[in-house]
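Student: Below is a structure I'd like to ask you about.
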Amino acid sequence: MLDITFIRSNREIVKQGMLNKGEPTADAVDEVIKKDETWRQLVTEIGTLRAESNSRAREIGILMGQGKKEEAQNLIRETGEVKEKIKELEKSLDVIQKERDTLLYQIPNVPDESVPVGKTDEDNVVFSAWGEPLQQEWRLPHWELASEKNWLDFERGSKVAGAGFPFYVGALARLQRSLINFFLNEAVLHGFTEIQPPYFVNEDSARGTGQIPDKEDMMYTVPGDGFFAIPTAEVPVTNFHRDEIIEMKDMPVYYCAYTPCWRREAGSYGADVRGLNRLHQFDKVELVKFVHPDESDGELERLREYAESLLQKLDLPYRTLLMCTGDMGFTQTKKYDLEVWSPGQKRWLEVSSCSNFGSFQARRMQLRFRNEKGKTEILHTLNGSGLALPRVVASILETYQTESGDLKIPEVLIPFMGTDRV
RNA sequence: GGAGAGAUGGCUGAGUGGUCGAAAGCGCUCCCCUGCUAAGGGAGUAUACUCCAAAAGGGUAUCGAGGGUUCGAAUCCCUCUCUCUCCGCCA
């Protein structure tokens, strides 16, 4: 949610940003400003009437205290009219406010100036690249190697849960656990505080990070309890401080969390969903930052660099994309995607997405800090994957496989795996 | 799941229909005094919205949340949420 005051004084910028993000029109901006004007008028009017009603009530109290019942009765009679008027206006205010807020929720965050304007993923910019993508023809896609080794069981996954819920078996299960440990250890070394969040959240939390209204279809729900299965740890971790004021001395706040993630992924098909490319449940280590508004630009770059360093330590070639306005999503001001090379499929796989949300999420959540002057101020949030597991696993299976059909273990994972080859 | 108790400002904790946004204490900030790592005195110290060009300053709302009664509610009524205690169940 954008600040209505910001929208009022930056009408054209907000409109342009909305169009750049691919919204068909930016009419909501004009409408919300109009609604807000009416809203403010009503608030002022109601305030005045309430002031009057309050002062009369106080007078009545004093008269009663002095035993002047007659005079008090007169005043009480007169007050009825004001009360009626207030009730009436309050009803209108309620309606207007709902209309205003609905519009407000429809206006996306404004892209940063450094973000390229574009419509689709074709317009994303390759920001950087690292490593030499392997091209040998003998490399098998990860699902073939995994099948030969009995490491992945999609059939039983379907039987037990459904499509997109595979079992990881034996060495591959251990490899995932090793990656989780590696990622968490690295994050803690870089100053992130490790937390284990709930895997289900309530509606308020889903709204706080912007999953609703808009993207509730992406989440699994728990019937009867009103819970959503988290689509990413971002949801519970960012909501950790919802409705709180963080002291300046405690800023910036960095968290990392490992969780499974559940996504319905309605409408996905084809090669996209082969093997580990796209699942309904996957593991991820997520990084979340709460920072001073002046710092968020730099913090995004450091977040990106940190995520990249993980791929470098695993020695997996990757490239970093700077997402264009049309492909970046509703809530972000700027976003990088990290894509790892999949030599068995000869394609890039997204394994991390690092985003700056500015004050957009924080405002919804009333997530504030006490600034230098002791005033409360909405802070900025960022998050990034560090990293999403299945595609990293896929890339490892394809990058580290030998021509004889074994799998070498990336050096940094050997301590966790207890072996250098499986 | 059953029974009971409770939810007040950064914290502790008063307040059961009338100048209560809320006593007092603690903490914190500033000032004064004090020649010493103590003590004393004074002032200040919630959040959101809104009016005003802005500052100063007004106004409104908020005592877990929502609704109700009333001229007036932290205080009465209803619903919900959460916390604690005891019992049951349990990884």
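Student: Could you order the peptides A:87-93, A:166-172, A:358-364 from most to least packed, using the average number of other C-beta atoms within 10 Å per residue?
Tutor: Packing order, densest peptide first, comes out as A:358-364, A:166-172, A:87-93.
Student: Which of the peptides A:390-402, A:312-324 is most tightly packed, and how do the rest follow, judged by the mean count of other Cβ atoms within 10 Å per residue? The partial results should precede the final answer.
Tutor: On the way: A:390-402: 23.5, A:312-324: 19.9.
Highest to lowest by the protection proxy: A:390-402, A:312-324.
Student: Only Cα pairs under 8 Å and at least 6 apart count here; give the relative contact order of chain A as a rounded whole percent.
Tutor: Averaging sequence separation for qualifying contacts and normalising by length gives 20 percent for chain A.
Student: How large is the dipole of chain A about the Cα centre if only Lys and Arg carry +1 and Asp and Glu carry -1, each at its Cβ, rounded to the nearest 20 debye?
Tutor: Rounded to the nearest 20 debye, it is 800 debye.
Student: In nm, to one decimal, how far is the A:ILE76 label point from the A:GLU113 one, both placed 7 Å along Cα→Cβ?
Tutor: Here the answer is 6.5 nm between the modelled labels.
Student: Normalised by the empirical 2.2 N^0.38 Å for globular proteins, what value does the Cα Rg of the stretch A:121-417 take?
Tutor: Expressed relative to 2.2 N^0.38 Å, the Cα Rg reads 1.01.
Student: Now for a different question. Pull up the DSSP beta bridges for the stretch A:203-337 and report the antiparallel fraction as a percent, rounded to 5.
Tutor: Antiparallel: roughly 100 percent of the beta bridges in the stretch A:203-337.
Student: Pairing the Cα long axis of helix A:69-106 with the longest principal axis of chain A, what angle in degrees results, from 0 to 90 and rounded to the nearest 10?
Tutor: Around 30 degrees separate the two axes.
Student: Could you work out how far helix A:389-399 tilts from the main Cα principal axis of chain A, as a 0 to 90 degree angle to the nearest 10?
Tutor: 20
Student: Treating the angle as unsigned and between 0 and 90°, give the value, to the nearest 10°, between the Cα long axis of helix A:171-189 and the longest Cα principal axis of chain A.
Tutor: The answer is roughly 50 degrees.
Student: Using the structure shown, list the pairs from A:LYS35/A:LYS98; A:LYS249/A:LYS373; A:LYS119/A:LYS284; A:LYS98/A:LYS375; A:LYS35/A:LYS83 with a Cα-Cα distance above 19 Å, or answer none.
Tutor: Table pairs above 19 Å Cα-Cα are A:LYS119/A:LYS284; A:LYS98/A:LYS375; A:LYS35/A:LYS83.
Student: At a 1.4 Å probe, what is the % contribution of carbon and sulfur to the accessible area of chain A?
Tutor: C and S atoms contribute 48 percent here.
Student: Go through the stretch A:239-282 and name the GluC sites (Glu not before Pro) that are in a DSSP coil and have 10 or fewer other Cβ atoms within 10 Å of their Cβ.
Tutor: Sites meeting the loop and neighbour criteria: A:GLU247.
Student: Running a GNM on chain A with Cα contacts under 10 Å, which residue among A:ASN74, A:ASN371, A:ASN150 ends up with the highest mean-square fluctuation?
Tutor: A:ASN74
Student: Enumerate by residue number the GluC sites (Glu not before Pro) in the stretch A:119-204 meeting two conditions: DSSP loop (anything except H, G, I, E, B), and at most 10 other Cβ atoms within 10 Å of the site's Cβ.
Tutor: Taking the stretch A:119-204 and a limit of 10 other Cβ atoms within 10 Å, the loop GluC sites (Glu not before Pro) found are A:GLU137.
Student: Taking +1 at the Cβ of each Lys and Arg and -1 at the Cβ of each Asp and Glu, which of A:LEU179, A:MET64, A:VAL288 sits farthest along the dipole of chain A towards its positive end, judged by Cα position relative to the Cα centre?
Tutor: Looking along the dipole axis, the top candidate is A:MET64.
Student: Further, regarding this structure: Taking all protein chains together and a probe of 1.4 Å, list A:ASP217, A:ASP337, A:ASP406 from the most accessible to the least accessible. Show your work: numbers first, answer last.
Tutor: Details: A:ASP217 110, A:ASP337 5, A:ASP406 45 Å².
Final ranking, largest accessible area leading: A:ASP217, A:ASP406, A:ASP337.
Student: Given the rule -39500 (n - 2.57) for each run of at least 4 DSSP H residues, summed and divided by the residues of chain A, what is its mean residue ellipticity at 222 nm, to the nearest 500 deg cm²/dmol?
Tutor: Numbers: 13 runs with 178 residues, N = 422.
Value at 222 nm, helices only, nearest 500: -13500 deg cm²/dmol.
Student: Something else now. Taking the simple approach of a point 7 Å from Cα along Cα-to-Cβ for both A:ASP250 and A:GLU301, what is their distance in nm?
Tutor: Computed distance between label sites A:ASP250 and A:GLU301 equals 2.9 nm.
The values are calculated or read from the model by the stated rules, or taken from the named source; none is laboratory data. Because the structure is a prediction, the values reported are computed rather than measured. Counting neighbours? That spans all protein chains shown, and the Cβs are built from the backbone with ideal geometry, glycine included. Heavy atoms of the whole protein, side chains included, go into the accessibility calculation; ligands, DNA and RNA do not. Shrake-Rupley method; radii C 1.70, N 1.55, O 1.52, S 1.80 Å.
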